[in-house]
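The values are calculated or read from the model by the stated rules, or taken from the named source; none is laboratory data. Computed from a prediction, not measured in an experiment: that's the story for all the values here. Glycine gets a Cβ as well: all are built from the backbone with ideal geometry, and neighbour counts include every protein chain shown. Areas reflect the complete protein model, heavy atoms only, side chains present, ligands, DNA and RNA absent. Shrake-Rupley method; radii C 1.70, N 1.55, O 1.52, S 1.80 Å.
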Amino acid sequence: MHIKKGIPVSPGIVIGEAYILENEEYLVRKKEIPESETQNEIDRFEKACSASVTELQSLVTDVNKKIGQGYSHILDAYIKIIDDPSTKSQIKKVIASDHFSAEYAVETVLKRYIKALMVLNDQYFSARVQDIQDIKKRILRNLFGAKKQDLTKLKKSIIIVAQDLSPSQTVSLDREKIIGFITDTGGRTSHTAIVARAMGIPAVVGLETVSVDISGGDILVVDGNNGLVIINPDEETLKKYRQMEKIFTNFEKNLTIELKDQPSVTLDGHKVRILANIEFPEEVASSLKFGAEGIGLYRTEFLYINTRTHPTEEEHFKAYKKAIDELGNKEIIIRTLDMGADKFETSEQAKEHNPFLGCRAIRLCMLRTELFKPQLKAILRIAFYGKNVKMMLPMIATVEEIRQVKAILEQVKSELRRSNVQFSDNLQTGIMIETPSAAITADLLADEVDFFSIGTNDLIQYTIAVDRINEKVAYLYQPAHPAILRLLQNVIAAGKKHNKRVAMCGEMSGDPLYTILLLGMGLMEFSVTPTSIPTLKKIIRSVTMDEAKKTCEKALTLKTSEEIRNFLTTRIKRIIPEAF
């Protein structure tokens, strides 16, 4: 028996046989061609693109049947990239002008895109590398005339083991036969992870060498709740996990049905709001299905992905309108652009030695108002249309930054007035608390804004000085670190003192381990991944505020992350033993 720890990206516990999915790599050689053959190579490239688009369109139909229309946008984006005139033009130029084969041209151009995304040093865009890799492999497979492993005629249930699994591979999985998957690479923000959660396939990623550690036919236990994979478990372990698998499956199914329309209220009557974090407008329907009261974090970075030009005011407006039409009168909080400068500038001068501490998020927006103003105009306009729209600014560190944004906002309002465009003149604006300076001076920032939302992902890494996607130091990334708890307590107290709403939208808010602790601190608004909502409701509806406060007081007396986690685990196990 051997146990490996990875990143849990889709909850659930499954037991089954390992099926090794071979890594789909193609050896592309630098091959020059005579000028007389360039048109033939361009024709081959066009045919490969057409075949790839046809495959993806077929997958879109399957996705819509399996998990609804909310997730086919991922494949639609792939189709747009393949058909993008600029991308095609660059590849054809390598063929026609440089006289290289179609395979080499595709490899060269798309690798350039991949490198550009990787140097951004941004978790969100690092996850998009997988999308371009998927597109590249699909076009190359059609150029080479290669065949994929056939997963459509499986005779028994299996667990996929792969170096990586692309989003398009994930959506094509047969949910009846493929009960889980594990991979060497990947993270929570990848499209593969998003699709796995939507399809309800338990998954663990980031296991480093699992694809070579496991042989086909090995018996595996995949614990998507805790990120554990057990290879060839002994009888006692197998018996234990079979029982857990049965309990969790029934628990999750019943919980969603039972609690979807129930209020999130503590046993002693304290109302707690639970909203959803989304990345695309199409995710609204799924959020409502799990019982979200609204959208607490609407990431807008998708508008900037794979575009050669900046999104226009109208493109912003249409995307937001799509989400609002689905939501009805429910609240939506739109976060402004949260990306680094490297996405928009390719020059050597734009490269930064430490992008995490550089020109990103609100800093970039204030520097590049031609990016910022169209988004602000669209949000102001959609707030008039939607009535329950609010705006949130990322990576705020100082009072001065908020005042600078307010000045730009007034300029934008003046421009809209001159154009006789209707907009909301009283748009509520909040900030992400994700820098230590913001957390420490929350009392000063409170006078400048309408609400706070704590972004724990960045707050933790900035406070503990740890890059959470660096495997060498990732173990230091601890939400239960006493310093983090003290900062959270300070922010929540400042919000209460100044009568400002305080929410939390980072991953910590959706982790059931910390729900009681956060309630005890006074956090009354959680914004989480939609699938986390039923579990959070269960916890909230099972405790009194007095119990939560006592749990918090005890946790704050402990000195290490491990002590705090162990204490919270014993507490939460009394309520939902099925999830631990």
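Once you wrap a convex hull around the alpha carbon atoms of the range 351-488, what is its projected area averaged over all directions, in nm²?
It is 9.6 nm².
From the C-alpha coordinates alone, can you work out the Kirkwood hydrodynamic radius of the range 159-253, in Å?
Hydrodynamic radius (Kirkwood, Cα pairs) of the range 159-253 is 13.8 Å.
Beyond a 26 Å Cα-Cα separation, which of these cross-linked pairs lie in this structure: K4/K240; K390/K573; K390/K500; K177/K239?
Over 26 Å Cα-Cα: K390/K573.
Among D338, D425, D511, what's the order by accessible area (1.4 angstrom probe), most exposed first?
D425, D511, D338
Select from A503, A442, V466 the residue farthest towards the positive end of the dipole of the range 430-580; place +1 on Cβ of Lys and Arg, -1 on Cβ of Asp and Glu, and compute about the Cα centre.
A503
Using θ = phi - 60° and the Karplus curve 6.51 cos²θ - 1.76 cosθ + 1.60, what whole-Hz ³J(HN,Hα) does each residue of the range 440-452 get, with Gly and Pro shown as x?
Ordered by residue, 3J(HN,Hα) equals 6, 9, 4, 5, 6, 6, 4, 5, 9, 9, 8, 7, 10 Hz.
For K549 and R368, what is the calculated FRET efficiency with R₀ set at 45 Å and r taken between the beta-carbons, to the nearest 0.05?
In this case the efficiency is close to 0.50.
Taking only DSSP H segments of four or more residues, each worth -39500 (n - 2.57), what value at 222 nm results for the chain once the sum is divided by all its residues, to the nearest 500 deg cm²/dmol?
-15000 deg cm²/dmol
Would you mind giving the three semi-axes, in whole Å and largest first, of the ellipsoid equivalent to the range 197-264 according to its Cα gyration tensor?
28, 16, 9
What size of dipole, in debye to the nearest 20, comes out for the range 164-237 about its Cα centre when the only charges are +1 on Lys and Arg C-beta atoms and -1 on Asp and Glu C-beta atoms?
500 debye
Please compute, for the alpha-carbon atoms of the chain, the extent along each of the three principal axes and give them in descending order in Å.
78, 73, 42
So how exposed is E236, as accessible area in Å² (1.4 Å probe, rounded to 10)?
Counting only protein heavy atoms, E236 exposes about 150 Å² to solvent.
For the full complex of protein chains and a 1.4 angstrom probe, list C505, C359 by accessible area with the highest value first.
C359, C505
When averaged across all projection directions, what area in nm² does the alpha-carbon convex hull of the range 238-306 cover?
7.5 nm²
Please work out the FRET efficiency for the pair E563 and S542, using the Cβ-Cβ distance as r and a Förster radius of 22 Å; give the result to the nearest 0.05.
Between E563 and S542 the formula returns 0.40.
For the range 260-305, what is the accessible area per residue in Å² when the probe is 1.4 Å?
Heavy-atom accessible area per residue stands at 33 Å².
Given the Cα-Cα distance of F384 and R112 and 0.36 nm per residue of separation, how much length would full extension add, in nm?
Computed gain between F384 and R112 is 93.8 nm.
Per residue, how many Å² of accessible area does the range 323-468 show with a 1.4 Å probe?
The answer is 40 Å² per residue.
Mind checking Rg over Rh on the range 416-464, alpha carbons, Kirkwood formula for Rh?
Taking Rh as the inverse mean 1/r over Cα pairs, Rg/Rh reads 1.21.
Report the charge-dipole magnitude of the range 457-576 in Debye, nearest 20, computed about the Cα centre from +1 at each Lys and Arg Cβ and -1 at each Asp and Glu Cβ.
Using only the charged Cβ atoms, the result is roughly 460 debye.
For the range 364-516, with only Lys/Arg (+1) and Asp/Glu (-1) charged at the beta-carbon, what is the dipole magnitude about the Cα centre, in debye rounded to 20?
Using only the charged Cβ atoms, the result is roughly 540 debye.
For the chain, with all protein chains present and a 1.4 Å probe, just round the carbon and sulfur fraction of the accessible area to a whole percent.
The C+S portion of the solvent-accessible surface of the chain is 49 percent.
Restricting to Cα atoms and excluding each atom paired with itself, what does the Kirkwood estimate give for the range 193-330 in Å?
18.8 Å
Provide the solvent-accessible area of H2, counting protein heavy atoms only and rolling a 1.4 Å probe, rounded to the nearest 10 Å².
The accessible area of H2 comes to roughly 90 Å².
Using protein chains only and a probe of 1.4 angstrom, how many square angstrom of V405 are accessible, to the nearest 10?
Accessible area, nearest 10 Å²: 0 Å².
Once you put a point 7 Å from the Cα of N499 and another 7 Å from the Cα of E176, both along the Cβ direction, what distance in nm separates them?
6.0 nm
Run the numbers on the range 480-545 and let me know its relative contact order in percent, using alpha-carbon pairs under 8 Å that are six or more apart.
31 percent
Would you calculate the volume per residue, in Å³, of the smallest convex hull containing every Cα atom of the range 366-419?
85 Å³
Hey, which of these cross-link pairs are over 31 Å Cα-Cα: K137/K472; K246/K559; K496/K537; K5/K246?
From K137/K472; K246/K559; K496/K537; K5/K246, over 31 Å: K246/K559.
Let's test the formula: R0 of 45 Å, r as the Cβ-Cβ distance of S414 and Q262. What FRET efficiency results, to the nearest 0.05?
It comes out at approximately 0.45.
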